[in-house]
Number of protein chains: 2
Amino acid sequence: MAGSNINQPLLDQLPKTLQNVDSRRRRLRRLKSAPMPEFIPGEMNDIKDNQSLPRYESILNKLHPSFRKVILYLVIYLGIGTTCFYFVQNQIQGKKVNGVLDSVYFCVVTMTTVGYGDLVPNSSTTKLLASFFVFSGMALVGMVLSKGADYLVEKQETLLIKALHMRDKVGPSVILEEVETNKVRYKCFVITATLVVLIVVGTVFLAEVEKLSTIDAFYCVCSTITTLGYGDKSFSTKVGRIFAIFWILTSTICLAQFFLYVAEFNTERKQKELVQWVLSRKMTNVDLEVADLDNDRAVGAAEFVVYKLKEMGKISQDDILLLLDEFECLDVDQSGTLSTTDLSLAQSS
Amino acid sequence: MAGSNINQPLLDQLPKTLQNVDSRRRRLRRLKSAPMPEFIPGEMNDIKDNQSLPRYESILNKLHPSFRKVILYLVIYLGIGTTCFYFVQNQIQGKKVNGVLDSVYFCVVTMTTVGYGDLVPNSSTTKLLASFFVFSGMALVGMVLSKGADYLVEKQETLLIKALHMRDKVGPSVILEEVETNKVRYKCFVITATLVVLIVVGTVFLAEVEKLSTIDAFYCVCSTITTLGYGDKSFSTKVGRIFAIFWILTSTICLAQFFLYVAEFNTERKQKELVQWVLSRKMTNVDLEVADLDNDRAVGAAEFVVYKLKEMGKISQDDILLLLDEFECLDVDQSGTLSTTDLSLAQSS
């Protein structure tokens, strides 16, 4: 039953004429079982291991392992960074409010490459330390973007779609279908909404707490989330810097993720156009001849699939050649097909 | 002949045992003709059109169209940005050296999000203008990263490999093969070398022209290429700012591209491991049964290819289902294979 639910979204996507075909007797096998039973990446094993751990750790364990890893690295980075800058705080000049707080704030402003310049290193040690932390910070932010942020947005996306369908009283399979079909579109929507909230919250906070004019507050928000950080306006109060630590980290990552999703959306749109073009293109006799891999003057279902996949650009000639060679190697009796006979012949040789 | 040259790299990649198989009589067709004769993207048409243009434009036309587009957008952006900031130069405060030069410099420092803060907007108009230019600048830098920079690095890569093989006196097909096999590795190498050169040149320039100490010069270089830009050290002389315009643009993009290539390298390594695992995994009777798409108790070459491609994660269940439905639709006489009969039946109905 679960298997047919997963197939559902795809069928709904198809034009009416193709759906009618679906009601015919199905002659073709559908490769329902997942073909990757043994290949379980390390991260999957982590999940299994953790299920036996005590209950008080359950919230952390509910999170995806790669997300947990990102959180862990982030905590380690900020821990080491803060400690380093705390011990050399007399070699950092600028507007200071509190030893530890300034160290965390300086660390976040450096790792996100905002670099206001309201606190600057003024000794060789701190200058080299800052240079080191900005490079490692960039790598870490890249890691957050590729693993952590995407995971969070996908979770929010599912919640959003559930909320949208609350009145319709639909089953989880419909929600799953909706998520799959418009994945990138909804991710763009979630990240845009989050970004707007972060911009508004930042502007209001800077206006109220840091006593900036509305224009200045908005300008400081833009200057921060883009990591421009001229530094003429920045967070100078104690409350402001506590807020800044969390707000800068989330808003800079959010904007970068927004740009990533827009790029992903464009790529997907182009890919979908190509798939549509390939599907709508009529097969000619020439196509039939080219698609006929085993030269038997008829194109089987699998040959058709391979030909069209190549036309869609999903697979390359190299992929096919590599596998055809592997096939010829396995086909010990040279019958043109693999059977149990070939397998036992291969084992005995 | 050209076709067999293209196949060469792949065959050399295969282990000895598989190459032996290659000497057997080839029973399988190899899909040699490219299956995308009609689908020529707009950019390809551009190339054709330009070949008939006069000679004095030839250098620009030798460049890839998407790269030309990036250059054009960059020139338009800097043109508009410089003009805008030039007209409001009295609303920008800080260390100034020359009207136009400062405007270009401010524009570059803003679009790359370096934001030293040595020049800052001090009116509402300029603040909003800077906010607008930093967002559009980020989008433009993203475009340069995805199209322009990659194209340049690939060109350099080919030159590098040609230089490495100068003594071996090898043909172009071997170079092409070398480029294809280790594409990402060489791209990483080229970008790292470029980055080192840019860092050294920047440090020497800042030390010699801007009279900074070596540590300060290196610190300013790190602060700039990462777009941190604290602003305590920046380019304050006329010559310095002219240099900065070109150096900041190339070095910030170069570092970002470096991070992108490292990510690409990791992804490719994982993908190659998976392909290797799929190829080395023995076929079992269960696999045979699952791979048998048309249920005829034998796995043909194409069925084997589809099964293994799915195992490698290159194609999804959805891709296969979509195409199988299309196939059933085309197979009018329900024979399980497509033939010229099916095509003529489809046309008459």
Task: Largest-first principal axis extents of the Cα set of the range B:53-273 (Å) - done: 61, 47, 36
Task: Debye-sum result for the range A:184-264 in log10 I(q)/I(0), which assumes one identical scatterer on each alpha carbon, at q = 0.13, 0.16, 0.24 Å⁻¹ - done: -0.39, -0.57, -1.09
Task: Axis-nearest residue in chain A [Cβ, rotation onto B], distance in whole Å - done: A:Ala302, 2
Task: Local electrostatic count, A:Arg269, Cβ distance below 15 Å [Lys/Arg +1, Asp/Glu -1] - done: +2
Open item on the list: Just want to confirm a number: the relative contact order over the range B:53-273, from Cα pairs under 8 angstrom separated by 6+ residues, in percent.
Closed with: 25
Task: Peptide A:330-339 - average C-beta neighbours from other chains (10 Å radius) - done: 5
Open item on the list: If packing is taken as the average number of other Cβ atoms within 10 Å across a peptide's residues, how do A:186-196, B:110-120, B:67-77 rank, most packed first?
Closed with: B:110-120, A:186-196, B:67-77
TODO: Diagonalise the Cα gyration tensor of the range B:56-161 and give the resulting equivalent ellipsoid semi-axes, square root of 5 times each eigenvalue, largest first, whole Å.
DONE: 31, 14, 12
Open item on the list: Could you work out how much longer the chain between B:Val184 and B:Leu164 gets when fully extended? Use 0.36 nm per residue separation minus the Cα distance between them, nm to one decimal.
Closed with: 5.5 nm
Open item on the list: I'd like the carbon and sulfur percentage of the solvent accessible area for the range B:53-273, probe radius 1.4 Å, heavy atoms only, ligands and nucleic acids excluded.
Closed with: 67
Task: Calculated FRET value between B:Thr237 and A:Ser146, using beta carbons and R₀ = 41 Å, to 0.05 - done: 0.55
Task: Cβ neighbours within 10 Å from other chains - mean over B:217-224 - done: 4
Task: In the A-B interface, the accessible area buried, summed over both sides, Å² (probe 1.4 Å) - done: 11100
- [ ] Please name whichever of A:Leu324, A:Leu309, A:Gln334 sits farthest to the positive end of the charge dipole of the range A:281-334, dipole taken about the Cα centre and charges placed at Cβ: Lys and Arg +1, Asp and Glu -1.
- [x] A:Leu309
Task: Integer Hz, Karplus 6.51/-1.76/1.60 couplings in order for the range B:268-282, x for Gly and Pro - done: 5, 4, 5, 4, 5, 4, 5, 4, 4, 5, 5, 5, 7, 5, 6
- [ ] Calculate the mean, over all residues of peptide A:104-113, of how many other protein chain Cβ atoms lie within 10 angstrom of the residue's Cβ.
- [x] 2
- [ ] Tell me the distances, shortest first, between A:Ser316 and the same position across the other copies, using label points 7 Å along Cα→Cβ, in nm to one decimal.
- [x] 2.2
Open item on the list: Highest mean first, how do A:206-217, A:277-288 rank when packing is the count of other Cβ atoms within 10 Å averaged over residues?
Closed with: A:206-217, A:277-288
- [ ] Pull out the extension gain between A:Ser335 and A:Glu273, defined as 0.36 nm times the separation in residues minus the alpha carbon to alpha carbon distance; nm, one decimal.
- [x] 18.4 nm
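The values are calculated or read from the model by the stated rules, or taken from the named source; none is laboratory data. This one's a predicted model, so the numbers in the text were calculated from it and none came from an experiment. Note: ideal-geometry Cβ built from the backbone for every residue, glycine included; neighbour counts use all protein chains shown. Note: accessible area is taken over every heavy atom of the protein model, side chains too, but ligands, DNA and RNA are not part of it. Shrake-Rupley method; radii C 1.70, N 1.55, O 1.52, S 1.80 Å.
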